[in-house]
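J.: Would you mind keeping the following structure in view while I ask a few things?
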Amino acid sequence: MKVLIPTPLRSYTGAREVDASGATMGELLTDLDRRFPGLRFRIIDEQDRMRAHMRFFINGEQVFDLARPLRPTDEVQIVQALSGG
Amino acid sequence: MARTTRKPAAKTKKPAKKARGGRSRPSKTLVMVATRKGAWLFHGDPARKTWRADGPHFLGHIINHVVLDPRDGRTLLAAAKTGHLGPTVFRSTDLGRTWKEAAKPPAFAKAANEEKGRTVDHTFWLTPAHANEPNVWYAGTSPQGLFRSEDGGVSWEEFSIINDDPQYREWMGAQQDGTPDGPKMHSVIVDPRNPSHLYFAMSGGGVHETLDKGRTWKPLVKGLEVVEGFDPATITFHDPHCVRLCPSNPDRLYQQNHCGIYRLDRPSNEWVRIGKKMPKQIGDIGFPMVVHPRDADTAWVFPMDGQTVWPRIAIDGVPAAFGTRDAGKSWKRLDGGLPKSQAWWTVKRQAMTADVQDTVGLYFGTTSGDLWMSRDEGRKWAPIARHLPEIYAVEAAELR
């Protein structure tokens, strides 16, 4: 499925949009990390919690659960709520 | 894996000179500056009079420490995070021309109950291990954690028992016991005579020592004071800001603490508050501690205002380093060339250091982004760079 990558993570992917697969949001992130090593740890911490400012949208709907099921036709968007000085 | 690429450093044309006493004079000094918005490398000429800025590296990343591996003279490690991404470590084996991210950055073990599991917010401190342990590094994190890499910083594992030891977790305290930007493990020190003999310090949580390569640790806080009203017997209340071991006498350590400047001469376990000899109107509060590379009686500090609400800026807006030549029996103000008024900046605990040249060069960075240098051991200061981002750490190394 298509995954939209925010600018702070494009040093890993080299692209705004990449392909990845997984039956859940968690599996998708694992696949992304396999393709782009190091990416997952910068958005999910060692306790499997989403880092601050990180948001996931599936077909435009915000999700917080890494167990959220995915369909191959879903479009996933990873968004960073950039803030601060 | 994220990478960045920088232009190659210019090559020096002058051969290395032989210094007084037969010591080979290093050809060039490298000053590594970690800031809130990236890292810079400053390459000095052999006389340390002109400096070439190489940077920014990792623009926009929060860089807490950049350290050169003295064992190979080429490998750099940089502790990084951003305001919006998790922490990591970058590694360069070509003096910063290219960087590669660690495959496994420092991270705590996944807890059975994820609500209780700790998360590394940032790696704060990097220390190359013993000269006989090539490619081994230690890292201290925020919140307090101790990590070790045996492959030059590519992968990191939790080191020793302390990260999950109930007693140490108690001593580490809670978030409110640490510094405003997170409690920190710092001052990870390796005894140059013995790789199994290590020290570390925690803000908060005191100074600790192991003689068996981390199997067991003991607090080393006797003689240290704590904030009035707190009990010094409670390790959590101890707040060492920076601890340094003297390379020329590894039995001597100096410490800038939240509550004064101290010296420890082993085998004694009792710190002596040498800051009592500082001028009363200055006091002995500050963050960095710098030792001379060859004279264990010489050390430097940069006092900060520690009164009332703990402003921790240059006292009265008139910054000055202070140096001792007699192991803390007396101190001399060293402010030649520094601003004489209205300079309200802070020098953080990692932001002052020394090189190893015959006449030692001193360097410090300010929270207002200025990098200062003295070629004569503190008597006269001049800026190397102005208007950098807030400076978190400054390290100096000689390029072979």
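The values are calculated or read from the model by the stated rules, or taken from the named source; none is laboratory data. If you're wondering where the values come from, they're calculated on a predicted model, not measured in any experiment. No Cβ is skipped: glycine too gets one built from the backbone with ideal geometry, and neighbour counts run over all protein chains shown. Note: areas computed on protein heavy atoms with side chains; ligands, DNA, RNA excluded. Shrake-Rupley method; radii C 1.70, N 1.55, O 1.52, S 1.80 Å.
J.: Among the residues of segment B:99-127, which ones have their accessible area go down by 50 Å² or more when all the protein chains sit together, as opposed to their chain alone (1.4 Å probe)?
T.: Residues meeting the cut-off: B:K110, B:E114, B:T119.
J.: For segment A:1-73, which chymotrypsin sites (Phe, Trp or Tyr not before Pro) are both in a DSSP coil and crowded by at most 14 other Cβ atoms within 10 Å? If you can, show how the numbers build up before the last one.
T.: On the way: sites: A:Y12, A:F41, A:F56, A:F57, A:F64; in loops: A:F64.
Answer by residue number: A:F64.
J.: Follow-up. Run through segment B:101-173 and list the GluC sites (Glu not before Pro) located in a DSSP loop whose Cβ has at most 13 other Cβ atoms within 10 Å.
T.: On the way: sites: B:E101, B:E114, B:E115, B:E150, B:E157, B:E158, B:E170; in loops: B:E114, B:E115, B:E150.
Filter output for segment B:101-173: B:E114, B:E115.
J.: Also, I was wondering about something else. Please compute the contact order of chain B in relative form: average sequence separation of alpha-carbon pairs under 8 Å and at least six residues apart, divided by the residue count, as a percent. Intermediate results must be reported in sequence, preceding the final value.
T.: On the way: 1127 pairs, mean separation 47.4, N = 400.
Result for chain B is 12 percent.
J.: Rounded, prolate or oblate: pick one for chain B, where a ≥ b ≥ c are the square roots of the eigenvalues of its C-alpha gyration tensor, a/c under 1.5 means rounded, and failing that, prolate if a/b is larger than b/c, else oblate.
T.: Details: a/c = 1.38, a/b = 1.07, b/c = 1.29.
Taking the square roots of the gyration eigenvalues as a ≥ b ≥ c, chain B is rounded.
J.: Residue farthest toward the positive end of the dipole of segment A:2-80, with Cβ of Lys/Arg at +1 and Asp/Glu at -1: which of A:L9, A:T24, A:Q47?
T.: The listed residue farthest towards the positive side: A:L9.
J.: Tell me, how many Å apart are the Cα centres for segment A:1-77 and for segment B:35-51?
T.: 38
J.: What number, rounded to the nearest 500 deg cm²/dmol, is the helix-based mean residue ellipticity at 222 nm of chain A, given -39500 (n - 2.57) per DSSP H run of at least four residues and division by all its residues?
T.: Numbers: 2 runs with 15 residues, N = 85.
Counting only the DSSP helices, I get -4500 deg cm²/dmol.
J.: Sticking with this one: If a paramagnetic tag sat 7 Å from the Cα of A:V63 along the Cα-Cβ line, which residues of segment A:20-47 would have the backbone N under 13 Å from that point?
T.: So the set is A:21-30.
J.: So, one more: Each residue of segment B:326-338 in order: what ³J(HN,Hα) in whole Hz does its phi give by Karplus 6.51 cos²θ - 1.76 cosθ + 1.60, θ = phi - 60°, with x for Gly and Pro?
T.: 10, 6, x, 6, 8, 10, 10, 6, 10, 10, x, x, 7
J.: Determine the percent antiparallel among the DSSP beta bridges restricted to segment A:2-80, to the nearest 5. Intermediate results must be reported in sequence, preceding the final value.
T.: Working: 13 of 16 bridges.
Looking only at bridges with both residues in segment A:2-80, the antiparallel portion is about 80 percent.
J.: Which shape class applies to segment A:2-80: rounded if a/c is under 1.5, otherwise prolate when a/b exceeds b/c and oblate if not, where a ≥ b ≥ c are the square roots of the Cα gyration tensor eigenvalues?
T.: Details: a/c = 1.28, a/b = 1.09, b/c = 1.18.
Verdict is rounded for segment A:2-80.
J.: Report, in deg cm²/dmol and to the nearest 500, the calculated mean residue ellipticity at 222 nm for chain B, where each DSSP H run with n ≥ 4 adds -39500 (n - 2.57) and the sum is divided by the residue count. Don't jump to the answer; show the numbers that get you there.
T.: Numbers: 1 runs with 7 residues, N = 400.
That comes out to -500 deg cm²/dmol.
J.: Let me ask you something else. Estimate the FRET efficiency between B:T93 and B:R294 by the formula 1/(1 + (r/R0)^6), using the beta-carbon distance for r and 41 Å for R0, to the nearest 0.05. The partial results should precede the final answer.
T.: On the way: r = 29 Å, r/R0 = 0.71.
Given R0 = 41 Å and the Cβ-Cβ separation, E is 0.90.
J.: Based on the Cβ-Cβ distance from B:S330 to B:A174, what FRET efficiency comes out when R0 is 35 Å, to the nearest 0.05?
T.: Values: r = 40 Å, r/R0 = 1.14.
For R0 = 35 Å, the calculated efficiency reads 0.30.
J.: ³J(HN,Hα) across segment A:43-58 via Karplus (A = 6.51, B = -1.76, C = 1.60, θ = phi - 60°), whole Hz, x for Gly/Pro?
T.: Each residue of segment A:43-58 in turn: 10, 10, 7, 5, 9, 6, 9, 5, 6, 4, 6, 9, 9, 10, 10, 10 Hz.
J.: Kindly compute the accessible surface that chains A and B hide from a 1.4 Å probe when together, both sides summed, and give it to the nearest 100 Å².
T.: Numbers: alone 5100 and 17030 Å², together 20240 Å².
In total, chains A and B hide about 1900 Å² from solvent.
J.: Ok, one more. Convert each backbone phi in segment B:355-371 into a coupling constant with the Karplus relation 6.51 cos²θ - 1.76 cosθ + 1.60 (shift: θ = phi - 60°), then list the ³J(HN,Hα) values in order as whole Hz, x for Gly and Pro.
T.: Computed from phi, the couplings for segment B:355-371 are 9, 10, 5, 3, 9, 5, x, 10, 9, 8, x, 10, 5, 8, x, 9, 10 Hz.
J.: Over segment A:2-80, what percent of the accessible surface lies on carbon and sulfur atoms, probe 1.4 Å? Walk me through the intermediate numbers first.
T.: Working: 1840 of 3720 Å².
Taking all protein chains in place, segment A:2-80 shows 50 percent carbon and sulfur surface.
J.: Tell me the relative contact order for segment B:241-345 as a rounded percent, counting alpha carbon contacts under 8 Å between residues six or more apart.
T.: Values: 254 pairs, mean separation 22.1, N = 105.
Taking the mean separation of contacting Cα pairs over the length of segment B:241-345, I get 21 percent.
J.: Which of rounded, prolate, oblate describes the protein assembly as shown, given a ≥ b ≥ c as roots of the alpha-carbon gyration tensor eigenvalues and a/c under 1.5 marking rounded, otherwise prolate only if a/b is larger than b/c? Before the final figure, lay out each step's value.
T.: Values: a/c = 1.83, a/b = 1.46, b/c = 1.25.
Prolate, because a/c is 1.5 or more and a/b exceeds b/c.
J.: Also, quick follow-up: Which of B:T308, B:T141, B:T216 moves most in a GNM of chain B, Cα contacts under 10 Å?
T.: The residue with the greatest mean-square fluctuation here is B:T308.
J.: How high is the FRET efficiency between B:R266 and A:M50 when r is their beta carbon distance and R₀ equals 51 Å, given to the nearest 0.05? Write out the running numbers ahead of the final one.
T.: Numbers: r = 47 Å, r/R0 = 0.92.
After rounding, the FRET efficiency stands at 0.65.
J.: So for the pair B:D165, B:R193, with labels modelled 7 Å out along Cα→Cβ, what separation do we get in nm?
T.: Between B:D165 and B:R193, the label points sit 2.3 nm apart.
J.: With all protein chains present, how much of the accessible area of chain B (probe radius 1.4 Å) comes from carbon and sulfur, to the nearest whole percent?
T.: Values: 8250 of 16110 Å².
Of all accessible area on chain B, carbon and sulfur atoms account for 51 percent.
J.: Do any residues of segment A:37-72 show a loss of at least 50 square angstrom of accessible area between the isolated chain and the full protein assembly, using a 1.4 Å probe, and if so which?
T.: A:F41, A:R42, A:E46, A:Q47, A:R49
J.: For B:K184, what residues show an amide H to amide H distance below 5 Å, using hydrogens built from the backbone and excluding near sequence neighbours?
T.: Distant-sequence amide H within range of B:K184: B:T179, B:S203, B:G204.
J.: Also, I was wondering about something else. Treating only the Cβ atoms of Lys and Arg (+1) and Asp and Glu (-1) as charged, compute the dipole magnitude of the protein assembly as shown about its Cα centre; round to the nearest 20 debye.
T.: Using Cβ point charges on Lys, Arg, Asp and Glu, the protein assembly as shown gives about 2360 debye.
J.: What is chain A's relative contact order, in percent, from Cα pairs under 8 angstrom and six or more apart in sequence?
T.: On the way: 129 pairs, mean separation 29.7, N = 85.
Dividing the mean separation by the residue count of chain A yields 35 percent.
J.: While we're on this one: At 1.4 Å probe size, with every protein chain present, just tell me what the per residue accessible area of chain A comes to in Å².
T.: Details: 4130 Å² over 85 residues.
On a per-residue basis, chain A sits at 49 Å².
J.: Subtracting the Cα-Cα distance from 0.36 nm times the residue separation, let me have the gained length for B:L399 to B:A382 in nm, one decimal.
T.: Working: separation 17, 0.36 × 17 = 6.12 nm, distance 2.21 nm.
Once the chain is fully extended between B:L399 and B:A382, it gains 3.9 nm.
J.: Which of B:K184/B:K332; B:K49/B:K380; B:K110/B:K213; B:K81/B:K218; B:K280/B:K332; B:K184/B:K218 have a Cα-Cα distance over 20 Å? Walk me through the intermediate numbers first.
T.: Details: B:K184/B:K332 30 Å; B:K49/B:K380 13 Å; B:K110/B:K213 24 Å; B:K81/B:K218 31 Å; B:K280/B:K332 13 Å; B:K184/B:K218 18 Å.
Violating the 20 Å Cα-Cα cut-off are B:K184/B:K332; B:K110/B:K213; B:K81/B:K218.
J.: Mind checking the per residue accessible area of segment B:182-291 for me, 1.4 Å probe, whole number of Å²? Please list the in-between numbers first.
T.: Details: 4050 Å² over 110 residues.
Averaged over the residues of segment B:182-291, the accessible area is 37 Å².
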